[in-house]
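What follows is a single structure, written as structure tokens, with notes after it.
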Protein chains: 2
Amino acid sequence: MPTAPGMEWHDEGPAGAARERRFTLVRDGRTVPGVLWTPRQGAGPWPLVLIGHGGSGSKDEGYVVTIGRGLATTHRVAAAAIDGPVHGDRRNDPDATPILVIAQFAQLWAGDGETMTDTMVADWRAVLGTLLELPELRGGPVGWWGVSMGTILGLPLVAADPRISAAVLGLMGLTGPTRARIERDAPRVRCPVLFLVQWDDEMFRREDALALWDALGSSDKRLHAHPGPHGALPSEAFESSVAFLVARLRAPAPG
Amino acid sequence: MPTAPGMEWHDEGPAGAARERRFTLVRDGRTVPGVLWTPRQGAGPWPLVLIGHGGSGSKDEGYVVTIGRGLATTHRVAAAAIDGPVHGDRRNDPDATPILVIAQFAQLWAGDGETMTDTMVADWRAVLGTLLELPELRGGPVGWWGVSMGTILGLPLVAADPRISAAVLGLMGLTGPTRARIERDAPRVRCPVLFLVQWDDEMFRREDALALWDALGSSDKRLHAHPGPHGALPSEAFESSVAFLVARLRAPAPG
């Protein structure tokens, strides 16, 4: 393992078809907990997808792990996730319930969401820099998969980091405590985007979701909508969005 | 109209089968905005159902109005709703989006949820006292319908107010920033309760919902669960819960 400053590698996950390594990056006094999935066979280099989990979830929640392992085993693409603010291993109370975590996240978001966003973007960029030094990942390409809170915090990352060349975003709108930030960053997203909308989303109004998609700076973008509430993204949406990233990251670089 | 201290009656709603009157109660420097639905025909007295709306909603949102009008027209039961903290007409920005309101509510809830709860309980009790002086409502009986935020703030009301003799609660668990308060109040709920659970609720864990139902002090209680996420309460649940309240409020008082 490379010994990047502040990066520590921990135990490996279960011996499945994907290799699963946990890590922490210490920076500016914060400990950023993460996990990396890579194919077990072969030496790479592999494309990398960064996965931003949703509110009340974590890098270890069901759909994040499913996407990460699926990328590594089915698609031979690496994936990494880190815990968001007051989520997962950033807390000391592993039994905290979803609504408690959501309420505390919302407290930060409504309090000083700009700083929270900046911090999370900086954490992701530091992790990405370290991961791209691994021989099996060297250089990328890099994609983003993150909806709901994974777009609240991930859209500013995609806007800020030119190493990310394709993104799945959605379940969010041009609204919320950090609306001004999202409005500023959306036109700075220039890479290909697949944007997911739940047509009966009770958290984010349909028109705000459409407005956010509209505001994205990417010329190469598409919106996929399905019926149902915020929490009911269908498996088809997971599958097609992962396939979108794989296709984009495996395509020859333009030019 | 009676001229209770601080109570003002405003415009009537559209001329439908239910009579719809808006009011505000000014108390302790706060303005509590509300709406009252009563049957258009007859003079009462009618039973009264208090409706507590969910997070990001208001006294004027779709399902609250549907329940209120339905009670008045189909069941000849009066209904009233008031706006929750930072919700509805308690705000000056009527265009605030759902997620902004939820984030600000969560900020209050995680900040000083105990005080927020006390304030809302006091607002409801003052409104109820004034409404029960109306000749068409005189004396009650009174029921409660409120799930999710309508249980976060409504369960403490039902626990505190012996005038409420039947309640619909649910989409909530023994958890959250005010968990200690809910844990203290749940055994004080003694009236008949119908408790609604969404089996795949992504906001409130199944086991926390079951624990809250378990902790209710009522001997006469039932839990109705349906598959699906937090935001997808089926119409069957609305219909059966309204029917439950109507039956209880129309039944002869025990003893």
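Observations on the structure shown:
- Filter result (surrounded by 14 or more Cβ atoms within 10 Å (Cβ to Cβ) and either out of contact with any helix residue (DSSP H, G or I) (no Cβ under 9 Å at 6 or more places or on another chain) or not in a strand (DSSP E or B) (or both)) within region B:212-226: B:Leu212, B:Trp213, B:Ala215, B:Leu216, B:Gly217, B:Ser218
- So A:Gly173, is it assigned to a loop (DSSP other than H, G, I, E, B), crowded, with 20+ Cβ neighbours inside 10 Å and either touching a Lys or Arg at 6+ places or on another chain (Cβ under 7 Å) or of a type in the set (Ser, Thr, Tyr) (or both): yes
- Considering residues of region A:64-87 that are in a helix (DSSP H, G or I) and touching a Gly at 6+ places or on another chain (Cβ under 8 Å) only, the residue surrounded by the most Cβ atoms within 10 Å (Cβ to Cβ): A:Val64
- Pick from region B:228-255, criterion part of a loop (DSSP other than H, G, I, E, B) and more than 11 Å from chain A (Cβ to nearest Cβ), ranking: nearest to B:Gly173 (Cα to Cα): B:Pro234
- Test: residue in region A:153-168 that is part of a loop (DSSP other than H, G, I, E, B) and in contact with a Ser or Thr (Cβ under 7 Å, 6 or more places away or on another chain): yes
- Unique match (being within 22 Å of B:Glu202 (Cβ to Cβ) and either surrounded by fewer than 19 Cβ atoms within 10 Å (Cβ to Cβ) or touching a residue at least 60 places away in the same chain (Cβ under 8 Å) (or both)) among A:Val147, A:Val197: A:Val147
- Evaluating B:Val35 against the criteria (1) β-branched (Val, Ile, Thr); (2) touching a Lys or Arg at 6+ places or on another chain (Cβ under 8 Å); (3) in contact (Cβ under 8 Å) with a residue 60 or more places away in the chain leaves one unmet condition, (3).
- Those residues of region B:188-206 which are part of a helix (DSSP H, G or I) and within 14 Å of chain A (Cβ to nearest Cβ), in sequence order: B:Arg206
- Among the residues of region B:43-59, those that are out of contact with any strand residue (DSSP E or B) (no Cβ under 6 Å at 6 or more places or on another chain) and either basic (Lys, Arg) or under 21 Å from B:Val101 (Cβ atoms) (or both) comprise B:His53, B:Gly54, B:Gly55, B:Ser56, B:Gly57, B:Ser58.
- Among (1) touching a Ser or Thr at 6+ places or on another chain (Cβ under 8 Å); (2) at pLDDT 95 or above; (3) within 14 Å of another protein chain (Cβ to nearest Cβ) - the single one B:Leu100 does not satisfy: (2)
- If the condition is being out of contact with any Gly (no Cβ under 6 Å at 6 or more places or on another chain) and either within 13 Å of chain B (Cβ to nearest Cβ) or touching a residue at least 24 places away in the same chain (Cβ under 8 Å) (or both), then region A:172-187 contributes A:Met172, A:Gly173, A:Leu174, A:Thr175, A:Gly176, A:Arg179, A:Ala180, A:Arg181, A:Ile182, A:Glu183, A:Asp185, A:Ala186.
Results for (1) farther than 18 Å from A:Ala106 by Cβ; (2) assigned to a helix (DSSP H, G or I); (3) free of Cβ contacts under 8 Å to residues at least 60 places away in the same chain; (4) out of contact with any Gly (no Cβ under 8 Å at 6 or more places or on another chain), shown as yes or no for each residue.
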position: B:Gln104; (1), (2), (3), (4): no, yes, yes, yes
position: B:Gln107; (1), (2), (3), (4): no, yes, yes, no
position: B:Asp112; (1), (2), (3), (4): no, yes, yes, yes
position: B:Leu137; (1), (2), (3), (4): yes, no, no, no
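- Residues in region A:227-240 that are in contact with a helix residue (DSSP H, G or I) (Cβ under 9 Å, 6 or more places away or on another chain) and buried (at least 20 other Cβ atoms within 10 Å of the Cβ): A:Leu233 only.
- The criterion of at least 2 residues that are in contact with a helix residue (DSSP H, G or I) (Cβ under 9 Å, 6 or more places away or on another chain), hydroxyl-bearing (Ser, Thr, Tyr) and at negative phi is met, among strands (runs of 3 or more DSSP E) falling completely within region B:7-57, by B:30-39.
- Index of the failed condition, A:Leu194 passing every other in (1) on the phi > 0 side of the Ramachandran plot; (2) in contact with a Ser or Thr (Cβ under 6 Å, 6 or more places away or on another chain): (1)
- Residues that are of a type in the set (Asp, Glu) and closer than 24 Å to B:Ile102 by Cβ within region B:203-221 comprise B:Glu207, B:Asp208, listed in sequence order.
- The single condition among (1) of a type in the set (S, T, N, Q); (2) at pLDDT 95 or above; (3) more than 30 Å from A:Asp201 (Cβ to Cβ) that B:Thr66 does not meet is (3).
- For region A:208-252, a tally of residues being charged (D, E, K, R) and without any contact (Cβ under 8 Å) to a residue 12 or more places away in the chain returns 3.
- Condition check for A:Ala209: at pLDDT 95 or above, away from chain B (no Cβ under 14 Å) and either outside any loop (DSSP other than H, G, I, E, B) or surrounded by 20 or more Cβ atoms within 10 Å (Cβ to Cβ) (or both): no
- A:Val77 vs. criteria more than 14 Å from chain B (Cβ to nearest Cβ), in contact with a Pro (Cβ under 8 Å, 6 or more places away or on another chain) and either within 20 Å of A:Val32 (Cα to Cα) or of a type outside the set (D, E, K, R) (or both): yes
The values are calculated or read from the model by the stated rules, or taken from the named source; none is laboratory data. Since the model is a prediction, treat every value here as computed from it, not as a measurement. Reconstructed Cβ throughout: ideal geometry from the backbone, glycine too, with neighbour counts over all protein chains shown.
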